1. Could you give the size of the charge dipole of the range B:224-367 about its Cα centre, using +1 on the Cβ of each K and R and -1 on the Cβ of each D and E, expressed in debye and rounded to the nearest 20?
2. Not counting ligands, DNA or RNA, and with a 1.4 Å probe, what is B:Ile293's accessible surface area in Å² rounded to the nearest 10?
3. Averaged over all directions, how much area does the convex hull of the C-alpha atoms of the range C:317-468 cover when projected, in nm²?
4. What nm value, rounded to one decimal, do you get for the distance between C:Arg209 and C:Asn25 when each label is placed 7 Å out toward the C-beta?
5. If you plug each phi of the range B:224-229 into the Karplus form 6.51 cos²θ - 1.76 cosθ + 1.60 with θ = phi - 60°, what whole-Hz ³J(HN,Hα) values come out, in order, with x for Gly and Pro?
6. Anyone know which of A:Gly109, A:Gly83, A:Gly205 comes out most mobile in the 10 Å Cα GNM of chain A?
7. Mind checking how much accessible area A and B bury in total, 1.4 Å probe, in Å² rounded to 100?
8. Can you give the angle from 0 to 90° between the axis of helix C:337-364 and the longest principal axis of chain C, with both taken from C-alpha atoms, to the nearest 10?
Amino acid sequence: MTIDAPVKESRVGGGLAKRLHLSKAVVNVILALVAIFWLVPTISLLVISLRPESLFGVSGWWKVFTDPSQLTFGNYSTIFSQGFATGGVLDSLVTSLEITIPATLLVTGISSLAAYSLVFGSWRGRDMIFFGIVGLMVVPLQVALIPVVQLYREMGNLFGLNPYGTIPGVIIFHVAFGLPFGIFLMRNFLTGIPKDLLEAGRIEGAGEWKIFYRIVLPLALPAIASLAIFQFIWVWNDLLVALVFLGGNVHSPLTIFLYDQTRSLAANYWIVSTGAVVSIFVPLIVFFSFQRYFVRGVLAGAVK
Amino acid sequence: MSSVALRELTKQYAGNAALSLDSVNLEVAHGEFVCLVGPSGCGKTTALRMIAGLESVTSGDIEIGDRVVNDLSPRDRDIALVFQSYALYPHMTVFDNMSFGLKLRKVPKDEIKAAVTDAARILDLELYLDRKPAQLSGGQRQRVALGRAIVRNPAAFLMDEPLSNLDAKLRVQTRAEIARLHHRLGATMIYVTHDQVEAMTMADRIAVINLGKLEQVGSPRELYDRPANQFVAGFIGSPSMNFVPMHVESIEGGIRVVSAGGDMDVILDDVESAMIRSAGVSDVVLGIRPEHIDNQPRSGRGLQLRASVEVIEFLGNDEHVHLSSGSHELVAIVDARTPLTIGDTLTLSASIEAIHFFHPETGVALK
Amino acid sequence: MTSLTAEGLKVTAPRARQHGWWRRNWVSLAFIAPGIIWLLAIVVYPTIATIRFSLYNESATKFVGLHNFASVFSTDTILTAFKNNVVWVLIFPFFVTFIGLMVAVLTERIRWATAFKAVIVMPIVFSTTASALVWRTIFDLDPHVGVVNAIEQTVSDWFSTPGAYPLNSAIGQTAVSLASFNATGAPGGLLVSKSAVQPGGTVMMGLTRISSATLQTLGAKTPVAPQTIAGGIAGLVWNDFSPSQTSNTTTIVSDEHGLPNLRLSLVNSTGSSVASTVTNSSGDFSFSHVAPGSYHVEVLASNFQTSFVGTFWLGSQSITPTSGLNQTAQSLLSVPLIDLAMIISYIWIWAGFAMVLIGAGLAALNREVLEAAEIDGATEWQTLRRVTIPMLAPVLTVVFVTMVINVLKVFDIILNMAPGSSQGPATTLALSIYNDGFTGGIHSGVASAIAVILFLLVVPVMFWNLRKIKGGSP
């Protein structure tokens, strides 16, 4: 068969390739616009924090693109010059870490232990307990706030240790509401570990603790990483629990610091934006270093 | 007019230096059943997907009927494709799966119903039209996938390893069913498989592809009897052909072909001597199919070898005997009633008609 | 699970065997104990206690039955919270799922998908507090702060450029009201000199009620009486208001100001414009080489073009018409503009979540099914609508339900994004619990009742989750 005229025509006029090409260009443009839209808020925050306070409300932050000389680290040097003084940004940064790190460690540790017991234990009722824990995953934490405050007071009356208004008080609550998801995620991961591995350990004479510590934990590291990152970001970004349980403490985490500043937004905006940048800096580092684990955690939490 | 032709068809994936398909020429006549066969990754599925319009053409042409379809989208090519995974729509019933294409083409409802009922009858699916794919067995899903292709009444059926997800027994059964379907519909079919047995049993013609290149096209018998090169010779037939590098020696009145240790040699006639001489090679690769090795000494021309028995695989009617001849390993098929034990030393032979010679570097069959 | 017979055996097992059971399982039980105790103390017990509190009075001393629930449904502020939660639930989960789906489908075709996904996912790791603050500036009323109003202003300026002396439309100011000396209003919102002038003559026009801020911005100087020019017309337009001589409305006083940047036009006796000019910083102007005749000077209407008034995105004005309704009906039917602003911000935060989940669902789809649709003749749009989306239905449901639960509890964004005046109209159930229960001492009754309602709303999802997990593989 020879290539005759109609064939040639169909080729010239046609253009699956051409049409695909065009639509690909359109898709690229649309997504570029979406990406810009998504970046604007972050960029604006950054720029506002890098412009002198005196320019706020006088000209828009976007003027920086025509006049880059507006950029200055003045706001940062001002807030950092206060050092770790109570009520300052750095004090709040430290408080945030004091809450977030123990809460994260406790949730990952306790969840791993519990999940190990649920998966590899041989006692009856493990499934019922697990279903109960899954049920707890959607309980809104608002439901527990008031009784826990009272519980803390009771603890004060009984033992002289009232966690209300203290950092441990905040941590205890965070751990409780991090556990259902933590146990769920760890259990799902551990069910994928072949039981043979544990049997092999037992035959070699390892005790339960050693099997957990030496065999299961190293294998579960990816899941632990996902959980830890998830929990870290969750606690780091919390405002409500800290507001309720830290009531009146002079040291407050960054979210409360920002919340306090917003009450007089116009006057303090340079502190607010600079503080907000400081507050998102830590989770951003965590996110970009462990993006894969974070996404995995999001996927695992889909049921939440 | 539903022939399919590939002309110098070439595919190169972005970021990949090697060609996935290299200047393939192939003509499939109207109503013909052609198998594309080759090892996995050879480009046969790529070729099929290019015919279907799922992959773009790097260069060359694809013609369906009398149109060059390079730039047409799949829906404008009038083809149907049966996928390896069946690719049924999981949320639709069998009826909806089979009628989806017709509905999109706005075929009248009663025509759709007639076409689907017809196909369901042919494929024995009438009782399952209201079920969803998840409620069907593997074989039934397979038939739905075929049915989806049939109702469309396309110019050409393309099939991409449609039997590879079935168990061995069902595979043999469905193989026959597809062959029957082909006769009944008289449609053009292009069938991709890595299984040469499937190709041999079903195809009118087989196209053997390796590393993106078309090695040989021909009827199953042609490929079996006259493989164009060492690759085709080794690919077609099971167990595959034995290859032994041999040395060509000039002797008084002609030439002799002998293996390194001298355990194998071939006595040639004048025609074959002339053939080897004209190729101008001092070494050749000898090819002999296991089923063509006889358990008796040579009489007249042909191959003779001495070998010891290493492994015997009993298969009922016959046995596969793994032999060691000098430094070479061979397989021979012998009658199961032959009394053999491991370690036996045998003198075996093959007639000159059964022997193939290949060029030692290019692998091309010497003729 | 152990079989029935095994259980029966255990119940009747001799003591020694029970002892053995302990020995085998005590480590395993010790592993789960901290988790169980923690959950019982801080999640399970408090949930039950809250249910109990909801049936008692505010100081939890007297049983009041369903009284607290009755007050929940009869208090306008809490009804407002309900309404806002409904608005959130109706709008937010749908749009987040929709945008997540679109973006996930489109990202499959670009080369920079990894970078794009990172950009979209990033806001999830920000605290809602920080995000709310960012969006609060983005929606700020002042176009020198808020991008949205800056864009609105730019667009509005394309259609009508504001003059140097914008009228305050808020108080219904008109151009005529600015006329003071030798000036009068004319059709089209302009001012024209009362007296006619010939070439070689001068003209003075006094205006008033020009704000000192405007004068300062424009750099207005002390007015100087105009000097005649041969064959031309000179003149002055000034702000005829002296703080020291408030009653003097005819002559120039040293603490008065000329009006710079006024666009003027010279009009001949037939009413057509023959020349135009702009006043200088002391309000002086001149037209040279004017043909003989009688003229008037016009102050063009464009000088008084009203300036842009931004949209108060963070305000509580309702999108839905609610005038004439009583308080309760307003609580239930008004949709404050800030709800929309906050929903947009919240979509910005959560779309990445939807995209990641839906993207994973897409990646898990059998590609061949989509290709089968293509071969069957479906266009890309038909494939998406009739094959891809139905196949993604389970994932889309998970995203949707997760987002519904999420917005039932929405809290931080309102507390941080809504200015004080909008907090009330924008409140939600979670915020009401906080405000009722914790601001100004602990009050358990009504706050607990709201918490119980919130809890009841998520109970169906709880069972849905359980059914999914029991049905699924793990």
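The values are calculated or read from the model by the stated rules, or taken from the named source; none is laboratory data. Keep in mind the model is a prediction, meaning the values are calculated, not measured. In this analysis, Cβ positions are derived from the backbone assuming ideal geometry, glycine residues included, and neighbour counts consider all displayed protein chains. Surface accessibility is based on the protein's heavy atoms, side chains included, excluding ligands, DNA and RNA. Shrake-Rupley method; radii C 1.70, N 1.55, O 1.52, S 1.80 Å.
1. Here the range B:224-367 has a charge dipole of around 240 debye.
2. 10 Å²
3. On the way: hull surface 51.8 nm².
For the range C:317-468, the mean projected area of the Cα convex hull comes to 13.0 nm².
4. Placing both labels 7 Å beyond Cα along the Cβ direction yields 8.8 nm.
5. Running phi through 6.51 cos²θ - 1.76 cosθ + 1.60 with θ = phi - 60° gives 6, 7, 10, x, 6, 7 Hz.
6. A:Gly205
7. Roughly 900 Å² of accessible surface disappears when A and B pair.
8. 50 degrees
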